[in-house]
1. Neighbour counts of other C-beta atoms within 10 Å: give me E125, E347 arranged from fewest to most.
2. 5 Å is the cut-off here: which amide hydrogens, built 1.01 Å from N in the peptide plane, fall below it relative to C110, excluding neighbours closer than 5 in sequence?
3. Determine the shape class of the range 374-436: with a ≥ b ≥ c the square roots of the Cα gyration tensor eigenvalues, call it rounded for a/c under 1.5, and otherwise prolate if a/b is greater than b/c, oblate otherwise.
4. Stick to Cα atoms and the Kirkwood definition of Rh, then tell me Rg/Rh for the range 265-422.
5. How much length is gained on full extension from E325 to V232, taking 0.36 nm per residue of separation minus their Cα-Cα distance?
6. Within a 10 angstrom radius of the beta carbon, how do M431, M119 rank from fewest other beta carbons to most?
7. Report ³J(HN,Hα) in whole Hz for each residue of the range 94-102, in order, from the Karplus equation J = 6.51 cos²θ - 1.76 cosθ + 1.60 where θ = phi - 60°; Gly and Pro get x.
8. Is the shape of the range 49-144 best called rounded, prolate or oblate, per the rule: a/c under 1.5 gives rounded, else a/b larger than b/c gives prolate, else oblate, with a ≥ b ≥ c the square roots of the Cα gyration tensor eigenvalues?
Amino acid sequence: MDPLALAPHVAIFPFPAQGHVNSMLKLAQLLSLSNFHITFLVTVDTHERLLKNTDVLSRFGSGFQLQALPHGISMDNVNTRDGISMLYHSLSVIAKPFLKEFIVNSPVTCIIADGILSMADDAAEEINLPIIYFRTISACSFWSYFCIPELIQAGELPLKENAMDFTLTKVKGMEDFLRGRDLPSFCRSRDLTSPDMRILMFETQQTPRARGLILNTFEDLEGPILSQIRTVCPNVYTIGAVHAHLKTRLPKSTSSNSLWQEDESCMSWLDTQPPKSVIYVSFGSIAGLTREELLEFWYGMVNSEQKFLWVMKPDLIIGQERKDEIPAELEQGTKARGYMTDWVPQEKVLAHTAIGGFLTHSGWNSTLESIVEGVPMICWPRFADQQVNSRFVGEVWKMGLEIKDTCDRDIIAKSIRDLMEKRKGEFSQRMEHMASLAKRAVNEGGSSYINLNRLIQDIRSMTPPLKQT
């Protein structure tokens, strides 16, 4: 008999953004290796980009289905004032009924839904289908989201004037170091009824409804905060780092889940550079810079006199073309010591021996990828969970520097020199230690290895509800 004939069928439903799709697709691949049927639900534009830029179908095999949701759901307006509200409205109106019809008409064993898509839980509850949430952010940022009602009740939110550096007291486990400026970006609004605040507060508070919570982290990294989370969500599966899990189970795999075409020509350039001599610079898939910010970073990198590899997406500059006139000294400095490209295979780049540092927006996938490869960071977060991540990198884990809420060429140049030269040994020692713990977690007997197996066994024990007629 075909081993897939009696295999569990898991529907995986990510939030339609690069970082969410990337880590949840990696989880899908891990489950596929255990002979699960997987249906991966994505928006039409994500579906097209994955087919165009990745080998996702050939990589997974016959038990995997990439299913496009109906038209009408898009991330195109997410950075506008009402963008998040518009996206959630379209998800509720279009994706929710589609998902309900799909799970009613398919022998689905369970749903693994992005933890900010509670409409999936609503659909599953109607037919008593088990659901597990996957929060693709760090444990520390998830916990800060969850504690927002306590911050409001204590009067610490909304943030008062000049309170950005005030230490907050109502996020358990972070009372000694979490400041106003370290909270998720939407907490900076004076309006507690703003769409971003209202939606993410509501979605996070729904988490205990699920059968369990998957987090892309590991116990040695976030153990104290995970203990706090387990007081409200007892069944937590820490299975991170998921990309490291795949490397251990598929050592020769070099596959990507990028929604953009990757330029691998930078790898040849890196091959010509001395070990740990290059700082890699990327602000992620969504964040944009003003032209003034772009120039400050550019001057900072050139003035640091360090080699740099900079990912500069065509839409990086907000409201302007990247090809606007660039000062001659920046062009000359880049020609001498830099390499610029639209998009790169980031995991490969961070694993390259030439990389000695990472100037990052502090997205969680990027942070984990840097930790696994032992690359110290300079953190310049912009929104959502990135502020919390950067505080932990700089203050708690001491894996690098944070320069949040500043954009000054002199500070940038000094931070790069400190990371790459002055404090290089200090950061390298810490990063090497945590990288070894990260790799131990995903190898046989490690905490993430055990938790992934527990997740697989728990799904196998679930019984799909009877098909409704």
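No value in this document is a laboratory result; all are computed from the given coordinates. Not measured: the values here are computed from a predicted model. All Cβ positions, glycine included, derive from the backbone under ideal geometry; neighbour counts span all protein chains shown.
1. E125, E347
2. Long-range HN contacts for C110: H9, A11.
3. oblate
4. In the range 265-422, Rg relative to Rh is 0.92.
5. Stretched fully, the E325-V232 segment lengthens by 28.1 nm.
6. M119, M431
7. 9, 6, 4, x, 4, 4, 4, 5, 5
8. Rounded is the answer for the range 49-144, as its axis ratio a/c remains below 1.5.
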